[in-house]
Structure formats: structure tokens, C-alpha cells
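**Student:** Take a look at the following structure, please.
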Amino acid sequence: MNVQNGGSGDERDVVVALSIVGAGRPIVREQTIPSIAAGTQKVVTIPLAATPPLGRPVTIRVNVKAVPGEKKLDNNRASYPAIFTR
């Protein structure tokens, strides 16, 4: 997934949390992006610790945790409906 630094300063240690919920045991993972320059995007890959449930509706939630001084937080979260298949 892409994470964008929409601010005017470079950011370090940006934590991205991912959860897959809605069927079976929730899968929760985090990944830290070491740095993102102002106005740029970084791709973050978050490996899953378990296989998500197959053939059942789930919600994938992504949350970029606030960085020091960040005031606009409404664009830090997203949710996506999904069904995993083989």
C-alpha cells in the first residue's frame, strides 16, 4: 500500500497498522517506515502472520499512526471490504 506524507516536513519512524477482522481470529500487524520525505509517497508491505480466512467477508483496516505535531488525522485511516480466495 502507498503512504503519503502530505505535510511540509520529512517524517521518521512512521507506523502503519493493518488489521483483518470480521471472520475468525483478527489478524493485526504493524510495519514502520523509516522515513518519508515531505510531499512524497512510500510503499509499505506488511507480511501477515497467519492466513486470512478464505471465502468469508472481512474488513481490512489500515491506520497510519500520528507523527509528532500532526494535527490532521482524518486521512490516516481507511477500511476495505474483502474476500480472500485461492
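**Student:** Specify the residue that is farthest from Ile33 (Cα to Cα); the eligible residues are those in the range 45-66 that are part of a loop (DSSP other than H, G, I, E, B) and either in contact (Cβ under 8 Å) with a residue 60 or more places away in the chain or under 14 Å from the mean Cα position of the chain (by Cα) (or both).
**Tutor:** The qualifying residue farthest from Ile33 (Cα to Cα) is Leu48.
**Student:** Now a separate question. Which of the residues belonging to the range 35-49 are open to solvent by 50 Å² or more (accessible area, probe 1.4 Å) and either within 17 Å of Ala17 (Cα to Cα) or not polar (S, T, N, Q) (or both)?
**Tutor:** Within the range 35-49, Gly39, Gln41, Lys42, Val43, Thr45, Pro47, Leu48, Ala49 qualify.
**Student:** For the range 22-44, what are the residues that are charged (D, E, K, R) and either in a loop (DSSP other than H, G, I, E, B) or without any contact (Cβ under 8 Å) to a residue 24 or more places away in the chain (or both)?
**Tutor:** Arg25, Arg29, Glu30
**Student:** Moving to a separate point now. Looking only at the range 1-21, which residues are more than 17 Å from Ala49 (Cβ to Cβ) and either assigned to a strand (DSSP E or B) or touching a helix residue (DSSP H, G or I) at 6+ places or on another chain (Cβ under 9 Å) (or both)?
**Tutor:** Those that are more than 17 Å from Ala49 (Cβ to Cβ) and either assigned to a strand (DSSP E or B) or touching a helix residue (DSSP H, G or I) at 6+ places or on another chain (Cβ under 9 Å) (or both): Asn2, Val3, Gln4, Glu11, Arg12, Asp13, Val14.
The values are calculated or read from the model by the stated rules, or taken from the named source; none is laboratory data. Just so it is clear, the structure is predicted and the values come from calculations on it, not from any experiment. Cβ atoms come from the backbone with ideal geometry, glycine included; neighbour counts cover every protein chain shown. For the accessible areas, the whole protein counts, side chains as well, though only heavy atoms, and no ligand, DNA or RNA atoms are used. Shrake-Rupley method; radii C 1.70, N 1.55, O 1.52, S 1.80 Å.
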